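A short write-up of the structure that comes next.
The values are calculated or read from the model by the stated rules, or taken from the named source; none is laboratory data. Because the structure is a prediction, the values reported are computed rather than measured. A quick note on method: Cβ atoms are made from the backbone with ideal geometry, for glycine too, and the neighbour counts reach across all protein chains shown. Ligands, DNA and RNA are stripped out before the accessible areas are found, and what is left, the full protein with its side chains, is counted by its heavy atoms. Shrake-Rupley method; radii C 1.70, N 1.55, O 1.52, S 1.80 Å.
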Amino acid sequence: MQQELIQNFLIKNGECFDSAQLVQIKSQLETIDDSKAGIVLGQSYQSPTVMLIIAILLGWERLFLDDIALGIIKIITCYGLMIWWLVDIISAKRRTYEYNYKKFVNAVTMCR
């Protein structure tokens, strides 16, 4: 992929990934053919900051991170007697980084 497209991707989506993952992402983007770049560039990623705010205020971040079953169980159990809610607040950003990276890797795999 062209360096210009890679830089645009990293500027637009850089906050959605952990800084340690950005080096791997850049190297994977360089291997993608320009004709298939739209698959990766068209993906939308969740903002870790927004997921943290949702986790604090509502506790529904699991629903946005495609963890529907656990999200529903969490809500039904009153957020696991609030213990689950505290654990999810602490881990919300990390789980969002993992979700975004998994989504990125799936898109790159479709390009090959």
Picked from the stretch 20-68 (must be of a type in the set (Asp, Glu) and more than 16 Å from Cys111 (Cβ to Cβ)), the residue surrounded by the most Cβ atoms within 10 Å (Cβ to Cβ) is Glu61
*asked:* Within the stretch 69-84, does at least one residue satisfy the condition of being within 17 Å of the chain's Cα centre (by Cα) and open to solvent by 60 Å² or more (accessible area, probe 1.4 Å)?
replied: no
Checking Gly71, Gly59 in turn, the sole residue that is touching a residue at least 12 places away in the same chain (Cβ under 8 Å), among the small types (Gly, Ala, Ser) and touching a helix residue (DSSP H, G or I) at 6+ places or on another chain (Cβ under 6 Å) turns out to be Gly59
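Residues are listed down the side, and each one gets a yes or a no for (1) hydrophobic (A, V, I, L, M, F, W, C); (2) in a helix (DSSP H, G or I):
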| position | (1), (2) |
| --- | --- |
| Gln7 | no, yes |
| Leu10 | yes, yes |
| Leu22 | yes, yes |
| Gln46 | no, no |
